[in-house]
Amino acid sequence: QVVEDPITGKGREIDIIASSFSNGNYYSDIRTISQIEYVFEVKNNLYPIVLLSEFRDSPYIESWTGLKELISRPKDVRGYASHEAYFDKLIVENKNIYTQYCSFHKKKINDDLMASHPERFHESISKIIQYCDENVDCHEHYDEDASEAEERVFRHFIYMPILLVRGELFELQGDDLVEVKFSTLVTNYYLNGENRMAFVFVVTRDGFQGFMQETQEMERNAATKMAELKMSNT
């Protein structure tokens with residue numbers, strides 16, 4: 001999969017895109033599906049990554065827009081609390097969300113480590129956010145022109161940008177550096193003249209399995225609730 005670089009016009013490859021249809025998240029008989037599309041950039045970081053500056057809600061951008069979700073609901077299905085499926089668990093109940101990051105480098109071979117803001121991380125983050133935005137915007141446009149049959153499909157998709165790192169990951173909690181297996185980074189940016197934000201999930205190799213298990217459970221639970229709601233409304 002590729003996205004078009006907005007500056008150079010060249011294609012930029014995404015490392016890994018993955019989703020599941022065998023996680024108890026799809027009910028074909030009643031046309032209901034909840035699905036996470038994982039969009040990975042993989043980095044073999046030699047030096048630790050540190051997330052710092054705790055996230056505070058902004059009065060200018062609603063925080064729910066930072067989660068790249070797409071929901072289509074049949075007209076006869078009511079009472080779906082969509083925020084309970086992913087947003088509450090990933091964001092509201094998450095006390096470890098940060099707005100800045102840094103890594104380190106040596107200026108010379110024998111120098112001490114110096115904090116830096118690697119361009120390669122910035123490029124990777126912007127690329128996977130772009131992919132998620134384009135997919136949400138594309139499907140929203142499709143839903144506007146959907147046939148009556150398509151409108152009966154009950155869907156809750158989430159496009160999840162993930163920076164998967166091999167090395168160490170730390171959070172600056174107060175005055176302490178605390179090593180973690182996965183965390184969340186907020187990125188603010190402009191798109192088509194609008195202020196936007198995105199939650200990017202930073203996951204270490206050691207934390208990968210636990211992160212996937214947690215999010216796959218969210219996916220199953222969301223699908224189950226959606227199916228129960230649709231059957232009770234029809």
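Dividing the Cα convex hull volume of the chain by residue count, how many Å³ per residue is that?
147 Å³
Given the chain, what percent of its DSSP beta bridges are antiparallel, to the nearest 5?
Approximately 60 percent, going by the DSSP bridge assignments.
If the limit is 28 Å between Cα atoms, which of K10/K106; K43/K95; K43/K89; K10/K181 go over it?
Violating the 28 Å Cα-Cα cut-off are K10/K106; K10/K181.
Could you derive backbone 3J(HN,Hα) for region 84-91 from the dihedral phi with the Karplus parameters 6.51, -1.76 and 1.60 (θ = phi - 60°), listing whole Hz in sequence and x where the residue is Gly or Pro?
Coupling constants for region 84-91: 6, 5, 10, 4, 4, 6, 7, 10 Hz.
What number, in percent, do you get for the relative contact order of the chain if the mean sequence gap of Cα pairs under 8 Å and at least 6 apart is divided by its residue count? Intermediate results must be reported in sequence, preceding the final value.
Numbers: 414 pairs, mean separation 74.1, N = 234.
Relative contact order of the chain: 32 percent.
Local charge sum around F211 (other residues, Cβ-Cβ under 13 Å, Lys/Arg +1, Asp/Glu -1)? Intermediate values should be presented prior to the final figure.
On the way: positive: K89, K181, R205; negative: D206, E214, E217, E219.
Local charge sum for F211: -1.
Among E62, E171, E194, whose mean-square fluctuation peaks in a Gaussian network model of the chain (Cα, cutoff 10 Å)?
Ranking E62, E171, E194 by mean-square fluctuation puts E194 first.
So, for the chain, what is the accessible surface per residue at a probe of 1.4 Å, expressed in square angstrom? Please report the intermediate quantities before stating the final value.
Working: 13300 Å² over 234 residues.
Per-residue value: 57 Å².
So, by mean Cβ neighbours within 10 angstrom, what's the order for 19-28, 96-105, 197-206, 114-123 with the highest one leading?
197-206, 96-105, 19-28, 114-123
Could you compute how fast region 11-90 diffuses translationally, taking Rh as the Kirkwood radius over C-alpha pairs and applying Stokes-Einstein at 20 °C with viscosity 1.002 mPa s? Give it in µm² per second.
Numbers: Rh = 16.7 Å.
Reported coefficient: 128 µm²/s.
If you take every residue apart from K95 with its C-beta less than 11 Å away from the C-beta of K95, what net charge results, scoring Lys and Arg +1 and Asp and Glu -1?
My count for the surroundings of K95 gives -3.
When only alpha-carbon atoms count, how far does region 1-48 stretch along each of its three principal axes, as whole angstroms with the largest first?
45, 32, 12
Which trypsin sites (Lys or Arg not before Pro) does region 31-118 hold that lie in a coil by DSSP with at most 10 other beta carbons within 10 Å?
R56, K75, R78, K95, K107, K108
Apply the Debye scattering formula to region 31-141, with a single equal point scatterer on each alpha-carbon and no solvent, then give log10 I(q)/I(0) at q = 0.12, 0.15, 0.21, 0.23 Å⁻¹.
-0.62, -0.88, -1.38, -1.49
Calculate what fraction, in whole %, of the accessible area of the chain sits on carbon and sulfur atoms when a 1.4 Å probe is rolled over the protein chains.
Carbon and sulfur: 48 percent of the exposed surface of the chain.
Can you tell me the 0 to 90 degree angle between the C-alpha axis of helix 119-144 and the longest principal axis of the chain, rounded to 10?
10 degrees
So what J values fall out for region 70-80 if you push phi through Karplus, 6.51 cos²θ - 1.76 cosθ + 1.60 with θ = phi - 60°, rounded to Hz, Gly and Pro as x?
9, 10, 10, 10, x, 5, 8, 9, 10, x, 8
List the residues, sorted by chain then number, that are 5 or more residues from I16 or on another chain and whose placed amide H is less than 5 Å from its amide H.
Here the answer is F40, since their amide H atoms fall under 5 Å of that of I16.
Can you tally the net charge around E13? Count Lys and Arg as +1, Asp and Glu as -1, for every other residue whose Cβ sits under 13 Å from the Cβ of E13.
On the way: positive: K10, R12, K127; negative: E4, D5, D15, E41, E123.
Once positives and negatives cancel, what remains is -2.
The values are calculated or read from the model by the stated rules, or taken from the named source; none is laboratory data. Everything numeric in this text was worked out from a predicted model, so none of it was measured. Ideal geometry is used to build each Cβ from the backbone, glycine not excepted, and the neighbour counts take in all protein chains shown. Quick note on the areas: whole protein, heavy atoms, side chains included, nothing else; ligands and nucleic acids left out. Shrake-Rupley method; radii C 1.70, N 1.55, O 1.52, S 1.80 Å.
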